[in-house]
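Asks: Below you will find the structure I want to go over with you.
Each value in this text was obtained by applying a stated rule to the coordinates, not by laboratory testing. Only a predicted model underlies this, so the values are computations on that prediction, with no experimental measurement involved. Note that each Cβ is placed from the backbone with ideal geometry, even for glycine, and that neighbours are counted across all protein chains shown.
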Amino acid sequence: MTVKLDNALERLARDPSASLDLAEVALLLARDESPFLDVDAHLCELDAMAREVKPYMHGHLAHQVQGLCRYLFHEMGFRANQRDYYDPRNSYFNMVLERRLGIPITLSAVTIAVGTRAGLTLAGIGLPGHFIVKATDPRQEILIDPFGGGRILSHGDCENLVRQATGLDFESASLSLEAIPLGLIIQRMLNNLRAIYLKTQDWTRSIRTLERLRQLKPQDVVVRRDLGLCQVRLGQPGKAVDHLRGYLAEAADAEDTEAIQATLRHAEATLAQWN
C-alpha cells in the first residue's frame, strides 16, 4: 500500500484531481468501519477481475464497454440494492465488492476500478441525484449506468434519470456531463454516509464521517456546524464549542443562527457545570 488515508485526503483537499487510485482511497475510507480490512487483498481482487474481463473486451469502444458490463453485471452479479438503498453497507467499497450490492456511486466506482485496470479510460459523472460513468477514446464517448445494470445511456436518458431522482428538469449537455475529479467523488461518498447516519441519529458514525469530510473541505462551515451539533448530542460539549463558534463567526446571516446560538449556550453552560 503506497498511501495513507490522512495523506490522501490532505492531497485531495489541495488538489481534487490528485493522481490517486479511486479504489484504494475508497477502501482506506472503509477501514473506518472495518478496521481490520485488508486493503491490499481487495486491490489484488480488482486486478484479478481486470485480467478476467480482458477476453470480454475486443473491438471498438462500444464492444469493450459492453464486454465490461456483461462481465460485471451478469457474470459477477453486481447489482443495484433497490430494496434497501440507504443501507450504509452500500456506501462502503469493500462491502460492495463482497455483497455485489451497491448504489450508483459505489457501483460506478467498481466499474471505474475494474475497467481502468483493464485498459479503458473511464471517469465518474455526478448527475444531480444519480451517478454514472463515461468511457472515452479519441473518437467517441459512451455513458454507462452501473446502477441500471450497465445500461448504455443517451443524453435524453440522463435527463430522465435526473428527473426521476430529483423531480427537476435537467439539460444534458457537454458541460453537465463533464467528469468530476476524485476529490469530489470521495466527498459524494462521504455525504451519502453523512445523510444516512444523521437520519438514524448515529452520532458516533456521523462525527467520524464529518471529520473525514472536514479533512477534504476544511473551510466548509456547514460541516463544522453539523460536527458541533453531533458532538453536543453525543455529550461532548467541549469539542463542540469551537465548531459552533466557528460556524456562527463565518455564517452570521444564516437562517439557523438563533438555533445554533441556543445550542452553543447550552454547550457552554454544560461545560461550566462540569468545571
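Asks: Let me know the longest stretch in the chain that avoids all trypsin sites (Lys or Arg not before Pro) found in a DSSP loop with at most 16 other C-beta atoms within 10 Å.
Replies: The answer is 140-275.
Asks: Then there's this: Hand me the chymotrypsin sites (Phe, Trp or Tyr not before Pro) from segment 11-76 located in a DSSP loop with no more than 10 other Cβ atoms within 10 Å, in residue order please.
Replies: In loop regions of segment 11-76 (DSSP not H, G, I, E or B), the sparsely surrounded chymotrypsin sites (Phe, Trp or Tyr not before Pro) are PHE36.
Asks: How far is the Cα center of segment 133-175 from the Cα center of segment 56-127, in Å?
Replies: After rounding, the separation between the Cα centres reads 15 Å.
Asks: Turning to a different aspect of this structure: Could you give the size of the charge dipole of the chain about its Cα centre, using +1 on the Cβ of each K and R and -1 on the Cβ of each D and E, expressed in debye and rounded to the nearest 20?
Replies: 420 debye
Asks: Treating the angle as unsigned and between 0 and 90°, give the value, to the nearest 10°, between the Cα long axis of helix 182-199 and the longest Cα principal axis of the chain.
Replies: Between helix and principal axis, roughly 60 degrees.
Asks: Angle check, please: helix 61-70 long axis (alpha carbons) against the longest principal axis of the chain (alpha carbons), in degrees 0 to 90, nearest 10.
Replies: The angle comes out near 70 degrees.
Asks: So what's the net charge close to GLN215: Lys and Arg +1, Asp and Glu -1, counting the other residues with Cβ under 13 Å from its Cβ?
Replies: +3
Asks: If each residue's Cβ is checked for other Cβ atoms within 10 Å, how do ASP40, ASP202 rank with the fewest at the top?
Replies: ASP40, ASP202
Asks: A follow-up question, please. For VAL162, what charge total do you get from the other residues with a beta carbon under 13 Å from its beta carbon, if Lys and Arg give +1 and Asp and Glu give -1?
Replies: Cβ neighbours under 13 Å give a net charge of -4.
Asks: Give the calculated FRET efficiency between GLU268 and ARG233 to the nearest 0.05, with a Förster radius of 25 Å applied to their Cβ-Cβ distance.
Replies: Calculated value: 0.95.
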